[in-house]
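The values are calculated or read from the model by the stated rules, or taken from the named source; none is laboratory data. Computed from a predicted structure; not experimentally measured. Methodologically, a virtual Cβ is constructed for each residue, glycine included, from the backbone with ideal geometry; neighbour enumeration extends over all protein chains shown. The accessibility values were calculated without ligands, DNA or RNA, using every heavy atom of the protein model including side chains. Shrake-Rupley method; radii C 1.70, N 1.55, O 1.52, S 1.80 Å.
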Amino acid sequence: MNSTEKILKTLSTDQISQIVAGVQADLDDEMVKTKRTLDQIDQNIFTCINNLKRLRRSIIISHYAKMKNNIDGNKNSQRDALLKNLDCEDEAKDLSVFMTNLSNVSTKVKTEPMSNIEQLSKTISQNDFPSGSFIPKTGLIDLTFVIGNIVKISDSENEMKYKWTVYVRNAEEGVDNLVYIDKVTYFLHESYEPNHIVDVIKKPFSLTRHGWGEFVIRLRLHFKGNMNVQTDVYHKLCLNKDITVGIPMVAKEQTVKYKLLLHK
């Protein structure tokens, strides 16, 4: 007879029941803690998957924004197809594999190296597009622009650690509709007073500021011509606070289309 059996013989039935109940209570408590840990792991995995999808979306938009040529709309159709099917991607796929596949998709389209994503709206050389003295054609014209913003977060403890750039850019490479814009007026949140209304008179018509919160920016596009045609568009500034520190990312973009009657 071992020592455990000797001890059990000295215990009453009530004492044994109390020990069993205590052990069961400890097991139940550990099960609850384990379940909470697993739930937290599931939540973390879900958050990582969503962040990865945001990263992939930004990579796609940035990748195709760098391309110079868009033969027969090939670039845009590839980009839109990738964005449409993004949710069908395998979340566990290695990001390097994703990047390799993205490069393979666009091998037929020539690219132009760009050092920073903030050059999305950089003016193309004057040999490709009309000069600043360009006089827009008259009559009914169709214009398409992309309104968006880039955000970069620093590791500073300052609440104004978000550096954002809002911009107006061409929807397609090789088609410069920005030459029809005389200036863009940005109406920012009143917290930026007295500098909350800003006129940008030169391409690429972008505006950079530091901030801490999201808000709706009103952009007033002034078109060239003596009719003083102007129109307002609203863009919700997106800071995307889950991005990696120090890496500028495209946070949000929208396409706007206009059919304008311009006169000399």
Practice prompt. Work through the residues other than ASP42 whose Cβ is under 12 Å from its Cβ and net out their charges, Lys, Arg +1 and Asp, Glu -1.
Written response: +1
Item to complete: Output the pairs from LYS203/LYS236; LYS161/LYS259; LYS203/LYS259; LYS202/LYS252; LYS161/LYS202; LYS53/LYS161 with a Cα-Cα distance over 32 Å in this structure; if there are none, say none.
Response: LYS161/LYS259
Worksheet item: To the nearest 10 square angstrom, how much accessible area does ASP232 have with a 1.4 angstrom probe?
Response: 60 Å²
Discussion item. Keeping all protein chains in place and using 1.4 angstrom, which order do ARG169, ARG218, ARG36 fall into by accessible surface area, from largest down?
Written reply: ARG36, ARG218, ARG169
Discussion item. Among MET31, ILE41, LEU8, whose Cα projects farthest towards the positive end of the dipole of region 1-46, with charges put on the beta-carbon of Lys, Arg (+1) and Asp, Glu (-1)?
Written reply: LEU8
Response to the item:
Counting only protein heavy atoms and leaving out ligands, DNA and RNA, the solvent-accessible surface of LEU8 at a 1.4 Å probe, in Å² to the nearest 10, equals 90 Å²
Practice prompt. Step through the residues of region 196-208 one at a time and calculate ³J(HN,Hα) from phi using the Karplus curve (6.51 cos²θ - 1.76 cosθ + 1.60, θ = phi - 60°), rounding each to whole Hz and writing x for Gly and Pro.
Written response: 8, 10, 10, 9, 10, 10, 10, 4, x, 6, 10, 9, 10
Item to complete: State the answer as a single residue: which of THR208, ALA251, GLY225 lies farthest towards the positive end of the charge dipole of region 157-264, with beta carbon charges of +1 for Lys and Arg and -1 for Asp and Glu, about the Cα centre.
Response: GLY225
Discussion item. Can you tell me the length gained on complete extension of the stretch THR4 to TYR192, counting 0.36 nm per residue apart and subtracting the Cα distance?
Written reply: 60.1 nm
Worksheet, complete the sentence: Note: TRP212 to THR144 extended length (0.36 nm per residue) minus current alpha-carbon separation gives 21.4 nm
Worksheet entry | Extension gain from ASP28 to SER156, taking 0.36 nm per residue of separation minus the Cα-Cα distance | 41.7 nm
Discussion item. I need the calculated FRET efficiency for the pair TYR258 and THR37, taking r as the beta carbon distance and R₀ as 45 Å, to the nearest 0.05.
Written reply: 0.25
Item to complete: Measure out, as a whole number of angstrom, how far apart the alpha-carbon centroids of region 170-249 and region 1-61 sit.
Response: 52 Å
